[in-house]
1. So which residues in the range 40-61 are surrounded by 24 or more Cβ atoms within 10 Å (Cβ to Cβ) and within 13 Å of residue 168 (Cβ to Cβ), if there are any at all?
2. Spot the failing condition for residue 306; the list is (1) at pLDDT 95 or above; (2) open to solvent by less than 60 Å² (accessible area, probe 1.4 Å); (3) closer than 19 Å to residue 166 by Cα, and only one is missed.
3. Within the range 51-69, work out how many residues are over 13 Å from the mean Cα position of the chain (by Cα) and either under 10 Å from residue 289 (Cβ atoms) or charged (D, E, K, R) (or both).
4. Every residue in the range 96-120 that is in contact (Cβ under 8 Å) with a residue 40 or more places away in the chain, touching an Asp or Glu at 6+ places or on another chain (Cβ under 8 Å) and open to solvent by less than 30 Å² (accessible area, probe 1.4 Å), please.
5. If we scan the range 71-89, do we find a residue that is assigned to a helix (DSSP H, G or I), farther than 29 Å from residue 250 by Cα and touching a strand residue (DSSP E or B) at 6+ places or on another chain (Cβ under 8 Å)?
6. Which condition breaks for residue 126 when tested against (1) in contact with a strand residue (DSSP E or B) (Cβ under 7 Å, 6 or more places away or on another chain); (2) at pLDDT below 95; (3) open to solvent by 10 Å² or more (accessible area, probe 1.4 Å)?
7. Consider only pairs whose beta carbons are under 7 Å apart and that are at least six residues apart or on different chains; among these, list those whose first residue lies in the range 254-272 and is over 30 Å from residue 233 (Cβ atoms) and whose second residue is loosely packed, with under 15 Cβ neighbours inside 10 Å and not acidic (Asp, Glu).
8. With the condition kept exactly as written, say whether any residue in the range 29-36 is outside any loop (DSSP other than H, G, I, E, B), basic (Lys, Arg) and closer than 24 Å to residue 310 by Cα.
Amino acid sequence: MRLWQPVSPDVWQGRDDSAEASNARRIFQTLHRQAQFIPLSSGIALIGFECDAGVRRNHGRPGAAEAPDVLRKALANMASHQGHERLADMGSIYVEGEELEAAQQALSDAVAACQQSGMRTLVFGGGHETAWAHGRAVLEAFPNERVAVINLDAHLDLRNADRATSGTPFRQLARYCNERAREFQYACFGVSRAANTQALWDEAERLNVTLVEDLHFRREALSSLETVLAQADRVYLTVDLDVLPAGEMPAVSAPAALGVPALDLMPVIEKICRSGKLQAADLVEFNPHYDRDGQGAKLAARLAWQIAHWWA
């Protein structure tokens, strides 16, 4: 597959406690590492997207291209419990120079191959340009089903731009659906009114986006989520890590002045995972350049750990 590479064995390392008990296992010991891109018939395909070309186009802080392996290393030493044995590392897609669109197509192709084989996909971005590639592949894999796109994010990412950026993915998905006479079912939870212009709010209203603001998250998120899930056959969940407060997650392109704490996000993520409708998920915008003592990587990896653990 073009623009694909396997993950170095050095990435998946950790503490070996197997002498204590047969079930004293960690993620690096139970994860399946694929030396070639050959999708399995079941399980969760972990795919990296080593790209921040969209962030640079959007005038953000580059560095997210280095995130996938950093997140893998943070996940590797966490305990392996029920569900984690389903994880299979399918390698990473990378971008050559500024050829964002080619890399996005390669990621879409990889996701589609895994979905068609029977796997679900967990992608470590990359900037939020990941969502155009990942979401499009899910929509293509299930052309006759209602696919809800749920974005946990401080930003709507509905920008109107001459070319694709990390700020345009959901406008691109809306256009994709419109061209195929499909309903665009988009929900953005944790959105900050202070971080989105009125033009973006107007676009969200035009597209009938389900919105839960950061200020109202605790009060409205779970009830709004019930409505979204009831109207969907499949769900694509994308978690922009800048939805978290800057104090919890400084390692992103655009740290949140307020944000939604991880403990408030967890019930929403759990409900989505246990709905039986989650088909694909990703974590995006992690930027190792701005991490403090690996704290951001650990928190992002914990979110990935919970998704894999709860994924019904």
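The values are calculated or read from the model by the stated rules, or taken from the named source; none is laboratory data. Not measured: the values here are computed from a predicted model. Virtual Cβ from ideal backbone geometry, glycine too; neighbours counted across all protein chains shown. The accessibility values were calculated without ligands, DNA or RNA, using every heavy atom of the protein model including side chains. Shrake-Rupley method; radii C 1.70, N 1.55, O 1.52, S 1.80 Å.
1. Residues satisfying the conditions are 53, 54, 55.
2. (3)
3. The number of residues fulfilling the criteria is 8.
4. 100, 103, 104
5. For the range 71-89, residues assigned to a helix (DSSP H, G or I), farther than 29 Å from residue 250 by Cα and touching a strand residue (DSSP E or B) at 6+ places or on another chain (Cβ under 8 Å): present.
6. Among (1) in contact with a strand residue (DSSP E or B) (Cβ under 7 Å, 6 or more places away or on another chain); (2) at pLDDT below 95; (3) open to solvent by 10 Å² or more (accessible area, probe 1.4 Å), residue 126 violates only (3).
7. What qualifies is 257/194.
8. yes
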